[in-house]
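**Q** Can you keep this structure in mind? I'll have questions shortly.
The values are calculated or read from the model by the stated rules, or taken from the named source; none is laboratory data. Every value quoted in this text rests on a predicted model; they were computed, and no experiment measured them. Every residue, glycine among them, receives a Cβ derived from its backbone with ideal geometry; neighbour counts consider all protein chains shown. Calculation scope for accessible area: heavy atoms of the full protein, side chains included, ligands and nucleic acids excluded. Shrake-Rupley method; radii C 1.70, N 1.55, O 1.52, S 1.80 Å.
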Amino acid sequence: MKNIEKHRNIGISAHIDSGKTTLTERILYFTKRIHAIHEVRGKDGVGATMDSMELERERGITIQSAATFANWTHTKSGEQDSINIIDTPGHVDFTIEVERSLRVLDGAILVLTGVEGVQSQSITVDRQMKRYHVPRVVFVNKCDRSGANPLRVAVMLKEKLNHKPCVMQIPIGLEDQLKGVVDLVEMKAYYFEGANGDDMIEKEIPAELVDQANEYRTQLIDCCADYSDEIMEKAMEGQYGVDDIDKALIKKTIREATIRLEITPVFMGSAHKNIGVQKLLDGVIDYLPCPTDVENKALDLDNNEAEVILKSDDNEPLVCYAFKLVNDRYGQLTYVRVYQGTLKKGDMITNMATGKKVSVGRLVRMHADEMVDITEAGAGDIVALFGIDCASGTTFTDGKNHYNMTSMHVPNPVIELVIEAKNRDDLDNMSKALNRFTKEDPTFQVEVNKESGETIIKGMGELHLDVYIERMRREYKVDVQTGAPQVAYRETITREAKFEYTHKKQTGGSGQFAKMSGVMRPMPVEGDSDKVYNFVNSVVGGRIPKEYIPSCDKGFQSCMEAGSLIGFPVVGIEMEVQEWPSAKLSPRLAPRFSNRS
Amino acid sequence: MAFREAFAKAGAQILEPIMKVEIATPTEFQGNVVGNVSQRRGTITGTNEELGTTTITAEVPLSEMFGYATDLRSMTQGKAEFTMEFCKYSPVPRNIQEELIKKYGDKVNQRG
Ligand SMILES: Nc1nc2c(ncn2[C@@H]2O[C@H](COP(=O)(O)OP(=O)(O)OP(=O)(O)O)[C@@H](O)[C@H]2O)c(=O)[nH]1
Ligand SMILES: [Mg+2]
């Protein structure tokens, strides 16, 4: 990228229905990516540009995240900036989308509403952002609604999320009288006029708001004083005025504290009424990190997975990370974030999971569901590749380094559903659909039961599975019948038991069998761990041919797939095989047993 | 086969996913919400009251959470919210284990 300091990779996360998609739509409009505004569930029936799936537009909710590139000219400095925006879904069942987005973002806008403030989902999202060390700014949306109180929301931010809010603005008017915002750094009033609030007009602070503006300006400076000695001195001398302290110093101080996740700048307005969005964009540039401001680590597969720090530099060897797969009308699209080096059209890149080399065919930048072809993408950029086959969460390098980005947290599915195509002719399409969904979404899994032949889909919740059934119907024209949802049970044991086992060799002549005995015992399983089985070989003598042992292990493992209680996977078992007869039996008996076939 | 026989002798047990559920409700409905969680075999692990909103955390078997969104809405005039995430696997109570085994047996028999 030409100027990495001027680039931002940001996400927009929040509680369901708080206006993320509407806000993103406005951002696209003001950055001139789109030339008309279409509302979520709008009367024009077009739907928001970001909600490009038919289902999303109809339900008015966002299911899939989309990455979008936009250029922004800072309204104060006039500098050219670029922003990659990931619109993320708000519903818990799509948490994986949020997690995958957060993994590749450098900063985020947390949208809260002026009426409800911090809601339960905001708490979850906030926790996720903390887990990935994502600095954030808050946008208090819907200040045009009755009962809105953005300054109260800033207090909630402290009480409910334990943030240190730094109020950057106060509203001019509220509810249906909302006109604009007072910027507490500039100490000026901003109004949004014109058909879609296109014209941002700077004026003096209205007389009735001067006292309140001064009060909040004081708070802002006091907040900065905690992070800057220079500002601290000014504050101690009572010099809070707009001409007393250098604006650049205030911005730098807030920016640094925000990036360290110590404070959260608070902006406000109404996406729907086009108020405050341009100021928020300036804020994103002023206070959220650029790719070089944050540290990204990879694991070196050649060196015992030791952590290595990646350099956001176009000239370093390539390391990029596929965080999302989408299969739409354009074909297979793979979204990647370039962490280090340059990704060029025509390059050969190596899949770190499989070791396979693939060539970069088409490289595009995404604008919701439209795209622009590009020839290269530098460190810090988020772009999409065509025709690259991989699972989401795969690292690619130039092949010289064997680095893997730390794996994302992927929860195991907990609910499942038997599905059946209503029409036999649709079976082909159904398996095509399922194939694609499982590639896109690691929390969605499909299994065909060996005994019953039933197709079972597994996921994170009822809505999660609902959405895929709906998509099968719409996108693949497959009507499916579903059984009752069932939770993902497991089977285990509570005490030791002995077993005896005659192992027959399939191809051998007479005498090609071995008798074994052994013990099955409970084994603790940690949390969500996949280590649910252990095999111990205590056979010492030569009576059992060695090659029998692995197939014995395999035989047990296949038994673990479906328990005998209710046919669910068996977990937490250790199998120890010993020689037959076991030491406790009289050796005299041995020949008798081994003679029987 | 050896595995199945041993499994039957080893005190086989069914485990179910338990969810960590977080419910934020206006405090006036706290009693109803807590009572309902208990009916769903849930255990309350914490409550916290702040500004008229009570946040209840509980561990509830996922199998008891079907239709919870609707129930919670009607219990609280739509004013409460909840989120849940996977927490752990725990043994199901004996009577439920027997029920599940019987249902599975019926299904297998039906198939012939
Ligand atoms: N009054 C008012 N309504 C708004 C504002 N912003 C969004 N809305 C409305 O709130 C509803 C939800 O907005 P969305 O943008 O779809 O919300 P979202 O956060 O993307 O929702 P999910 O993707 O489903 O989580 C829509 O009906 C919007 O028109 C606002 O500033 N003021
Ligand atoms: Mg949305």
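**Q** Check each of the GluC sites (Glu not before Pro) in the stretch A:235-286 and keep only those in coil by DSSP with at most 10 other C-beta atoms within 10 angstrom; list them in order.
**A** Here the sparse-neighbourhood loop sites are A:Glu237.
**Q** Carbon-plus-sulfur fraction of the accessible area of the protein assembly as shown, 1.4 Å probe, in percent?
**A** Answer for the protein assembly as shown is 47 percent, counting heavy atoms of protein chains only.
**Q** For peptide A:484-497, what's the mean number of Cβ atoms from other chains within 10 Å of each residue's Cβ?
**A** Per-residue shielding by partner chains comes out at 6.
**Q** Rank B:Met65, B:Met75, B:Met19 by mean-square fluctuation in a GNM of chain B with C-alpha springs under 10 angstrom and give only the top-ranked residue.
**A** Its mean-square fluctuation being the largest, the pick is B:Met75.
**Q** At a threshold of 8 angstrom on Cα-Cα distance, excluding pairs fewer than six apart, so keeping six or more, what relative contact order does the stretch A:415-487 reach in percent?
**A** Averaging sequence separation for qualifying contacts and normalising by length gives 50 percent for the stretch A:415-487.
**Q** In debye, nearest 20: dipole of the protein assembly as shown around its Cα centre with unit charges on the Cβ of K, R (+) and D, E (-)?
**A** Here the size comes out at about 3520 debye.
**Q** Please give every one of the lysines within straight-line cross-link reach of A:Lys297, meaning a C-alpha to C-alpha distance under 24 Å, and leave out same-chain neighbours fewer than 8 residues apart.
**A** A:Lys2, A:Lys6, A:Lys130, A:Lys311, A:Lys324, A:Lys344, A:Lys356, A:Lys357, A:Lys400
**Q** Starting from the exponent 0.38 and prefactor 2.2 Å, build the expected Rg for the protein assembly as shown from its residue count and divide its actual Cα Rg by it.
**A** Scaled against compact globular proteins, the figure is 1.12.
**Q** Less than 12 Å Cβ to Cβ from A:Val487, Lys/Arg counted +1 and Asp/Glu -1: what total charge do the surrounding residues give?
**A** Numbers: positive: A:Lys458, A:Arg490; negative: A:Glu416, A:Glu462, B:Glu16, B:Glu64.
With Lys, Arg at +1 and Asp, Glu at -1, the net is -2.
**Q** Among the lysines, which fall within straight-line cross-link reach of B:Lys102, defined as a Cα-Cα distance under 22 Å, with same-chain neighbours fewer than 8 residues apart omitted?
**A** Cα-Cα hits under 22 Å: A:Lys450, B:Lys9.
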